[in-house]
Amino acid sequence: MELKICHLYPEALNLYGDRGNILCMKKRLAWRGIDVSVEGCDIGEKKDLTQYDLLFIGGGQDFEQEVLLSDLATGKADAIRAAVEDGKTFLCICGGYQMMGHYYETYDGTRCEFLGAVDLYTVGSKTRMIDNYAYEVDTGRETIQVVGFENHSGKTYLGAGVHPLGKVIAGNGNNGEDGTEGVRYKNVFGTYSHGPLLPKNPKLCDLILETALTRKYGSCELSPLPDAFENLAHDAVLEKIKNHTIA
Amino acid sequence: MKKPDLFRSILAVAACKAARGVLRLTGRGGTAAPGKAALFFARDILARTSEGMEIIVVTGTNGKTTTCRMLEHAMTKDGSPCLANKSGANLLSGVTAEISCNADWLGRPKTKRAVIECDEGALKQVVPLIHPKVIVVTNLFRDQLDRYGEITHTRDAIRTGIEKVPESILCLNADDSLVSSLAENVPNRVVWYGVNTPLGDQRDPEVSDAKYCIHCGTPYQYHYHTYAHLGDFYCPHCGYHRQAPEVALTKVEEMDATGTRAELSFGGRTHQVTVGLPAVYNLYNALAAAAAGTAFGLEEDGLLASLADVHSSFGRMETFRTGQALTQMILVKNPAGCNQALSYVTGIQQDKVLVLCLNDRTADGHDISWIWDADYEKLAGDPHVVQWYVFGDRAEDMQLRLKYAGADPAKIQLLHNEEEILKMAQASALPVFILPNYTSMLSLRKVFSEATGGSAFWK
Ligand SMILES: [Zn+2]
């Protein structure tokens, strides 16, 4: 088996330790003897997105997001929308997650048109939602508790046709109002958990990998790995969050 | 800036001194409380207690403390006194404490000169009160993002500070495209400093904090790199580019674990200097100090000699004689600084023990994502690392990072308190390298300096 990963805008959207997510997917596939390749596709690069199984978009600085909107308009936006509808697996984080939606409206009312690949939109707010947080995800097999770090001032609202990725246990999630976190649409996983989301949440990582492998090979069950360090790191943060529940 | 009246000044200074006295009696080096006490009585007490002083302020992500130590050395070479906030308490409260505790009871400064380290976010509160003669901005890297949001916000915060003091001379790192942009459209006199020669392997950095032109968004090109996003940058689209530095490093003669011999050019002359600290980032600190010292009006020879004198400062790169072997402590708090420390440690070709400490308290930043951007793979690939220890609030995260970097999980051990680390270091036959972040450094340094006879940091 082989999984082809495309890291979209690895240089423009690289702010918060996203490298940890790529590293985690690579290692967890390699440890199971599954071949994996990761290719970047940056501003100005033309690549055929249909050749990949999993597409990753990370978070970025406000400033840099503007830079790549014009690049998206050169045809990448159409390719991304087509890949989503085709059932390709996406992991989109923070700025990358917002970018999959219809638009971002800043606090002073300026609207930035985004991809519209997933039915959601984001509105800027004055407060920044920053801290460790946790949410519950139903993997179809079990309910897992995901821990992460959120840092966003945009509030995201989901449209009728999509589901949240999870339910907030502590923290803000999509907007701090409706208890939802992230999005799940076809095989798109979107979340505000920035940076190294996957290493501490091995079950979520495996769910995403299985989704991509199943789409490609019809079925797939990943063998278990010794996740002692992963679970220790996960549990330590979860306990921290529960102990001083975020204001 | 309006100064507080005499009555409030007296109260504020008295409160500051009393709070510090209590802390010292109880053996604690806490530095925020005295400043907070003073601020309670007079919000702008600094304007009075610093009146008439000549001050250099150093801000920027990395190198603040080392640059300050170099400048302090240079200032005191001729025996004249110089104030400095040595403890690293660099917010408004810490600066207030340092300056106000050294005022007389009427709030008049007793010392004429000061070198003040100032947090990037606090600059705009501090500088309008103290009117520094010189402001140094060392560099801007990703650091403690959860405090400032994003790196361009940090730049903007510094900019706001600078706009309040048009009379201050700016010393700016010409090699940093973010810092460099601070000089635009302000009337301040600018002294640029930078490295005129390539350093390092000239690979494009895997993670850059400033990839795109701050003006037009085009990726920067480089004539050469020095480290991280620093180097001779230019924008091929709009023409934004590095300024030729007045104070420049022109040649590196020799670099080893104790320091660097190099050639500095400024004031129309070339000088042979020795920098008493290893690694490239300390060359930048030396340049920053040379530029600020020149702008301040310090005499050249004393200034150059002081660059050699500075050996270690408060956990930045400090050595303790723990037992048969030495323990070296190197503060790391963001990917750029961490990668420099990792290069230094892997460059030492002998068997060693590594201790990595990670806290996530307010002074560290609650977000520890940056460890995934730092090149621990390089360290994990060093065959001379025989044992790993992890420690701190987020020790489990560090342990996991090492696993994914490729370190053998069987060789990684989690320690639970500072004493365990001290005992391990005392028993170790191999040199021990401790890489803590800020608050973990504070607690470790206390234990190590007590055990090895070092002095407390406020002395
Ligand atoms: Zn430009």
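The values are calculated or read from the model by the stated rules, or taken from the named source; none is laboratory data. Owing to the predicted nature of the structure, the values given are computational and were not obtained by experimental measurement. Cβ placement follows ideal geometry from the backbone for every residue including glycine, while neighbour counts extend to all protein chains displayed. Only protein heavy atoms, including side chains, enter the accessible area calculation; ligands, DNA and RNA are left aside. Shrake-Rupley method; radii C 1.70, N 1.55, O 1.52, S 1.80 Å.
In table form, for the structure just shown:
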| item | result |
| --- | --- |
| Along chain B, longest interval not containing exposed GluC sites (Glu not before Pro), exposed being DSSP loop plus at most 11 other Cβ atoms within 10 Å | B:185-459 |
| Surface share of carbon and sulfur [accessible, 1.4 angstrom probe, percent] for the range B:316-452 | 49 percent |
| Dipole-positive endmost among A:T74, A:L198, A:Y97 within chain A (Cβ charges, Cα centre) | A:L198 |
| Residue range of chain A that is longest and free of chymotrypsin sites (Phe, Trp or Tyr not before Pro) which are both DSSP loop and sparsely packed (at most 16 other C-beta within 10 Å) | A:108-247 |
| Debye, to nearest 20: dipole size of chain B, +1 on Lys, Arg Cβ, -1 on Asp, Glu Cβ | 1620 debye |
| Cleavage-rule hits (GluC sites (Glu not before Pro)) in the range A:41-117: DSSP loop, at most 13 neighbouring Cβ within 10 angstrom | A:E45 |
| Over chain A: helical MRE at 222 nm, DSSP H runs n ≥ 4 each giving -39500 (n - 2.57), nearest 500 | -8500 deg cm²/dmol |
| Translational D in µm²/s for the protein assembly as shown (Stokes-Einstein at 10 °C, 1.306 mPa s, Kirkwood Rh from C-alpha pairs) | 60 µm²/s |
| Average other protein chain Cβ within 10 Å of Cβ, residues B:361-370 | 4 |
| Carbon and sulfur %, accessible surface of the range A:42-134 computed with the full protein complex present, 1.4 Å | 51 percent |
| Mean projected area (nm²) of the alpha-carbon convex hull when chain A is viewed from all directions | 12.4 nm² |
| Length-normalised contact order of the range B:316-452 in % [C-alpha pairs under 8 Å, at least 6 apart] | 39 percent |
| Value of D in µm² per second that Stokes-Einstein yields for the range B:56-116, Kirkwood Rh from Cα pairs, at 25 °C (0.890 mPa s) | 203 µm²/s |
| Rounded to whole Å, sorted largest first: equivalent-ellipsoid semi-axes of the range B:6-306, Cα gyration tensor | 34, 22, 17 |
| Exercise: per-residue mean of other protein chain Cβ atoms within 10 Å, A:189-200 | 3 |
| Residue-averaged [θ]222 nm for chain B, counting only DSSP H segments that reach four residues, each worth -39500 (n - 2.57) | -11000 deg cm²/dmol |
| Accessible surface ranking that places the most exposed of B:D309, A:D53 first, with a 1.4 angstrom probe | B:D309, A:D53 |
| Residues of the range B:316-452: accessible area per residue with a 1.4 Å probe, Å² | 33 Å² |
| Between A and B, accessible area buried - total, square angstrom, nearest 100, 1.4 angstrom probe | 3300 Å² |
| Distance from the range B:154-181 to the range B:333-363 (C-alpha centre basis), Å | 29 Å |
| At R0 = 22 Å, FRET efficiency that the Cβ-Cβ distance of A:A160 and A:Y107 yields, to 0.05 | 0.30 |
| Pairwise Cα inverse-distance average, inverted: Kirkwood Rh of the range B:316-452 (Å) | 14.6 Å |
